[in-house]
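S.K.: The following block contains the structure, expressed as structure tokens.
The values are calculated or read from the model by the stated rules, or taken from the named source; none is laboratory data. Everything numeric in this text was worked out from a predicted model, so none of it was measured. In this analysis, Cβ positions are derived from the backbone assuming ideal geometry, glycine residues included, and neighbour counts consider all displayed protein chains. The area values use the complete protein model at the heavy-atom level, side chains included, leaving out ligands, DNA and RNA. Shrake-Rupley method; radii C 1.70, N 1.55, O 1.52, S 1.80 Å.
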Amino acid sequence: MYIWRGAAAICVNENKQLLMVLQGRSDEEKRWSVPSGGANSDETYEACCAREVWEETGYKVQVGSYLHEKSGVSRGTVYKVKYYEVQVEGGLPTLHDPDGLIYDIQWKSADEIEMLNLTYPEDRKFLIEYLTEGESMIRYRSNPLTVRRLTRFDASLLHKWLNDPEVLRYYVGRDQAHTPEMVQEHFYPEEDQLYRCILEYEGQPIGYIQFYLLEAEGLNYYGLDESEGTRIFGTDQFIGELTYWNRGIGKQLMSSMLRYLEEEHQASRVVMDPQAWNERAIACYEKSGFRKVKLLPEQEWHEGEKRDCWLMEWRAGAAIL
């Protein structure tokens, strides 16, 4: 499958302004974007990032930390764009884009970005957050989904979702409605080895997902041999907003999460253990590339009784659907 690859540069000056370019074809309205563009066939993402900044702005930059990936489908083409921090090391602002698509180069503040007509309006929230906070909370984006880090401000969302009987039925059980104190205990421990995240759809928080590297205790829980895989991850997730159920979002979330874990965390396997009665969840995971491995009798206590679970796994190199 052909995938269009590209890179985007996040360059901030000492005045907390972001390097941006006004771009567009001659026959269309011009809009603002960070320097970005497509990679050549033999070019790394980092090299592409530096070259695009040079071609679009005239600045020579050092490519720094990787921030996150944005993927999706545009006009029938699958795309993958990686965002990097960059630092100016030389050069002067110059319009010499070989494609002739750049019309202006400016440094923009967060307040200005709030009002700009952007080429990619889905970037606005991320760009403003990065300028004001100095970091990004995003793990990855797979339009229209964003997976970002859990923050203290999300506690009220978790409290709301984990008091909905329909959500509880499929997650921890309707007898486990969460008080604010339970939310703090379960999702905000002082010592935490879990990657806890909020799922957003078009910028709106709609659910929760956590992933974690399985160590000896976790491997033993699933009856796995550590030698079977070097990096085995587990995941747990739920969609808390019922209006987003039955829309294919679960499959997109799991498929994108598998790509993220394989590419960014070098996952060799990903496992989970849905309860055997939850046929809808099992079907979603199978559509995402998981397969049933073995039945785990009376594996999980749920709503007053022990429930059977299916151990399901995905292996690196398998198709991600």
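S.K.: Of all residues in segment 205-251, how many are open to solvent by less than 10 Å² (accessible area, probe 1.4 Å), closer than 19 Å to V270 by Cα and touching a Leu at 6+ places or on another chain (Cβ under 6 Å)?
M.R.: So the count comes out to 4.
S.K.: Determine whether Q266 is open to solvent by 30 Å² or more (accessible area, probe 1.4 Å), among the polar types (S, T, N, Q), farther than 27 Å from E202 by Cα and under 16 Å from the mean Cα position of the chain (by Cα).
M.R.: So Q266 fits the description; yes.
This table checks each residue for (1) hydrophobic (A, V, I, L, M, F, W, C); (2) farther than 30 Å from P121 by Cα.
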| position | (1), (2) |
| --- | --- |
| V147 | yes, no |
| L157 | yes, no |
| Y171 | no, yes |
| D192 | no, yes |
| A216 | yes, yes |
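S.K.: Continuing with this model, one more query. Considering only residues that are in contact (Cβ under 8 Å) with a residue 12 or more places away in the chain, open to solvent by 50 Å² or more (accessible area, probe 1.4 Å) and farther than 28 Å from K306 by Cβ, which ones fall in segment 149-166?
M.R.: Listed by number, the residues that qualify are R149, R152, K160.
S.K.: Which of the residues belonging to segment 167-185 are open to solvent by 70 Å² or more (accessible area, probe 1.4 Å) and among the small types (G, A, S)?
M.R.: none
S.K.: Still on this structure, please answer the following. Select from segment 186-204 the residues that are open to solvent by 50 Å² or more (accessible area, probe 1.4 Å), more than 23 Å from R307 (Cβ to Cβ) and not in a strand (DSSP E or B) and list them in ascending order.
M.R.: Scanning segment 186-204 gives E190, E191, D192, Q193, E202.
S.K.: Follow-up question, since we're still on this one. Taking segment 97-131 only, how many residues are in contact with a helix residue (DSSP H, G or I) (Cβ under 7 Å, 6 or more places away or on another chain), in a loop (DSSP other than H, G, I, E, B) and open to solvent by 50 Å² or more (accessible area, probe 1.4 Å)?
M.R.: Residues meeting the conditions: 1.
S.K.: For segment 91-140, which positions are among the acidic types (D, E) and closer than 30 Å to Y212 by Cα?
M.R.: Within segment 91-140, E122, D123, E129, E133, E135 meet the criteria.
S.K.: Take segment 19-58 and flag every residue that is among the hydroxyl-bearing types (S, T, Y) and either without any contact (Cβ under 8 Å) to a residue 24 or more places away in the chain or open to solvent by 30 Å² or more (accessible area, probe 1.4 Å) (or both).
M.R.: Of everything in segment 19-58, those that are among the hydroxyl-bearing types (S, T, Y) and either without any contact (Cβ under 8 Å) to a residue 24 or more places away in the chain or open to solvent by 30 Å² or more (accessible area, probe 1.4 Å) (or both) turn out to be S26, S41, T44, Y45.
S.K.: Return yes when T146 is among the polar types (S, T, N, Q), over 28 Å from Q252 (Cβ atoms) and open to solvent by less than 40 Å² (accessible area, probe 1.4 Å) and no when it is not.
M.R.: No, not satisfied.
S.K.: In addition: Which helices (runs of 4 or more DSSP H) sit wholly inside segment 216-321 and have at least 2 residues that are more than 22 Å from H68 (Cβ to Cβ) and touching a residue at least 12 places away in the same chain (Cβ under 8 Å)?
M.R.: Correct list: 216-222, 279-288.
S.K.: Between a residue in segment 167-181 that is free of Cβ contacts under 8 Å to residues at least 24 places away in the same chain and any residue that is surrounded by fewer than 16 Cβ atoms within 10 Å (Cβ to Cβ) and among the aliphatic types (A, V, I, L, M), which pairs come within a Cβ distance under 9 Å, given they are 6 or more apart or on different chains?
M.R.: L168/A177; Q176/M182
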